[in-house]
Amino acid sequence: MNFLLEFTKSNYKVWHSVAKRLNKIYPGSSFSGLCGKDVVAFLEGQDDLEYRTLYVHPDIVKESLKDEVDHVLLEDFEKQLPRKSLWRLISSDREWGSPFMHGAVLNKTFINMNNDRENILKLISGSIKRYRKIFDEQQVDIFLPAIAMGSVSVHLLEHICRERNIPYIVPTSVRVKSFFTFAGDVQLRFPQIDRTYERISRGELEVDLDRAERLYRELISEFKDSQYFDRQLPCFNQKKLDSVSAHFIFWLKTVKAVIVTMWRWLGDAFMDKTRLDIYRQLHTPGVLVDNVKNILLRQKMRAYLLGPGYGEELPPGQKYIYYPLHTSPEYSTQFQGTMWMDQLYTIELLAKSVPFDWVVYVKEHPAILTSRVRPKGFYERLERLPNVKLAPIYADTHNLIGEAEIVSVVTGTTGWEAVQRGKPLITFADNFWDVLALSRKCTDVESLSRDIQDEVERMKVITENERKSRIVRFLAAVLEHGFEITYPQQFSYEKGSDEQYATVGRETADALKRHLDQVHKKDFYEECI
């Protein structure tokens, strides 16, 4: 069997561990990789496994930009796309598609300083040619993409898999404790879980529901637990700026951040400038000034969000629709909810569609404190809408869900929690819980106001026992096809030890073996191909 793996600077040790285990499970297999130059050095330097060929992502981009635009190829490729538009794919890219992004501040790079129409079309046509050649050269049987990538290559590689009838298999969380499974497309849907759920519901498959019911009770009880997994993330542990000493330490760190930024820029400036790395910044004084400005803006916005002037608690009895912001850029909006990347637009639609005595209650994502930044104008735009209110950044998400009349998300954990808790839910993209029919997807903005009111009424007639029964059957399907990861944080790109990476890789490879057996036996990918 011929495997092609996509390595990143964050996942390469886990993915290498997966490859080693697969080599034992499938003796005689070959392994190739898509990766960056830093990862190439590690993979070529180890002696656990010989990789047949390692293809460097930045080199593919650089070579593509030297080509002429192949309009015939692009026209043919676009016709094959389900939604018939290359620009939809391009807009999801964090840098080439950055003009389509709203509410995000990005550092200048070679890419987003050169992302004009001509270069973008060169990139797409050149990349398609080169990726197709890689798949043909390696005679790829299985492609294992990296999770949560931010390049248009995500879409291109998925479609090339579809062209060749190759399963596109990406491991991802099912947002149920530490369970993971394998998604069948960029949208991160689980056709194998959907089909098993439907068979259980129709009585065609008998399974032991006791374990699923115990899991359901655990999930429901954990929503109020202070140790709930999302409350342990670093972004939830930022200190409020409510004292002189806190302000002093905060701005001391700001000075340090500026110095580090300048020092790194100076160090990079002495590197060989003839070697163009498209993912690096250009070493000009203007770029340095821009970097410093962004550091200061980031710290200024953190101080604003952590200070007493941001957000307000709603008076008792105030009805609201709850909308949790996504960070930007983020996989959930760029790729899963491409047409809903402009969250200002989405929130304004909700504000135009709620009953007269409701408000739209918007909560900022805590990760904005550690890894992203929005311009202040983003919040000022929201505050100008008379029936939109901003929640304090420390407001408890679980309480906000519990007290809302209805919840609205593009995708994400908040939507899944709303489903489990019996809250009406409006979504704007396909989600893995859609099979439960416990939410409503907005497909026409003209009918959004009716959708909101109809969904509230519809959920009133679905009994608690019926909702629970659907979720338990779904969890039974998750248990059938999911697998537990001992160190889920390390699987999801947090730093860990070599032992942790090895454990995660072994668990993933063993689960992949079971999954591939199911794919071949039951053709779970029919809906995705």
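The values are calculated or read from the model by the stated rules, or taken from the named source; none is laboratory data. Since the structure is predicted, the reported quantities are computational estimates derived from the model, not experimental observations. No Cβ is skipped: glycine too gets one built from the backbone with ideal geometry, and neighbour counts run over all protein chains shown. We work out accessible area using only protein heavy atoms, side chains counted, and drop any ligands, DNA or RNA first. Shrake-Rupley method; radii C 1.70, N 1.55, O 1.52, S 1.80 Å.
Odds and ends about this structure:
- Ranking 149, 1 from most to least accessible surface, computed with a 1.4 Å probe over the protein chains only, gives 1, 149.
- Under 5 Å from the amide H of residue 6 lie the amide H atoms of 34, 144, 146, each residue being 5 or more positions distant or on a separate chain, with H modelled from the backbone and absent for Pro and chain starts.
- Rolling a 1.4 Å probe over the heavy atoms of the protein chains gives the chain an accessible area of 47 Å² per residue.
- Of all DSSP-defined beta bridges confined to the chain, some 20% are antiparallel rather than parallel.
- With all protein chains in place and a 1.4 Å probe, the accessible surface of the chain carries 50 percent carbon and sulfur.
- Applying the Karplus relation 6.51 cos²θ - 1.76 cosθ + 1.60 with θ = phi - 60° to the range 12-28 yields 3J(HN,Hα) values of 5, 6, 5, 5, 5, 5, 4, 4, 4, 5, 5, 5, 7, 6, 10, x, x Hz, where x marks Gly and Pro.
- Additional length obtainable on full extension of the chain from residue 262 to residue 204, 0.36 nm per residue less Cα span: 14.5 nm
- Ranked by solvent-accessible area (1.4 Å probe, protein heavy atoms only, all chains present), the residues 358, 433 order from largest to smallest as 358, 433.
- Here the gap between residue 37 and residue 342, fully extended at 0.36 nm per residue and compared with their Cα-Cα distance, gives a gain of 106.4 nm.
- Mean residue ellipticity (222 nm) of the chain, computed from DSSP H runs ≥ 4 via -39,500 (n - 2.57), nearest 500: -15000 deg cm²/dmol
- The magnitude of the dipole of the chain, with charges of +1 and -1 set on the Cβ of Lys/Arg and Asp/Glu and taken from the Cα centre, is near 1120 debye.
- Neighbourhood charge, 13 Å Cβ-Cβ cut-off, centred on residue 18 and excluding it, Lys, Arg +1 and Asp, Glu -1: +2
- Between amide H atoms placed 1.01 Å from N, distances below 5 Å from residue 391 occur with 312, 362, 363, 364, all of them 5 or more places distant or on a separate chain.
- In this structure the amide hydrogen of residue 183, modeled in the peptide plane, comes within under 5 Å of the amide hydrogens of 170, 172, none closer than 5 places in sequence on its chain.
- Matching label, P(r) over Cα pairs in 10 Å bins from 0, in percent computed from the structure shown, candidates (i) 3, 17, 25, 25, 18, 9, 3, 0, 0; (ii) 3, 14, 19, 15, 12, 10, 9, 8, 5, 3, 1, 0; (iii) 3, 16, 26, 28, 19, 6, 1: (iii)
- Of the listed residues 67, 116, 434, the order by accessible area with a 1.4 Å probe, largest first, is 116, 434, 67.
- Rel. contact order, % - alpha carbon contacts under 8 angstrom, at least six apart, the range 49-163: 37
- Rolling a 1.4 Å probe over the protein chains gives residue 283 an accessible area of about 50 Å².
- The figure for residue 251 is an accessible area of roughly 100 square angstrom, using a 1.4 Å probe on the protein chains alone.
- Rounded to the nearest 10 square angstrom, residue 30 shows an accessible area of 20 square angstrom against a 1.4 Å probe.
- Between residue 72 and residue 139, the distance separating the two model label sites (each 7 Å from Cα on the Cα→Cβ line) works out to 2.9 nm.
- Contact order, relative form, for the range 257-368: 27 percent (alpha carbon pairs under 8 Å, 6 or more residues apart, mean separation divided by residue count).
- Ordering 459, 257, 443 by the projection of their Cα atoms onto the charge dipole of the chain, which places +1 on the Cβ of Lys and Arg and -1 on the Cβ of Asp and Glu, puts 257 at the extreme positive end.
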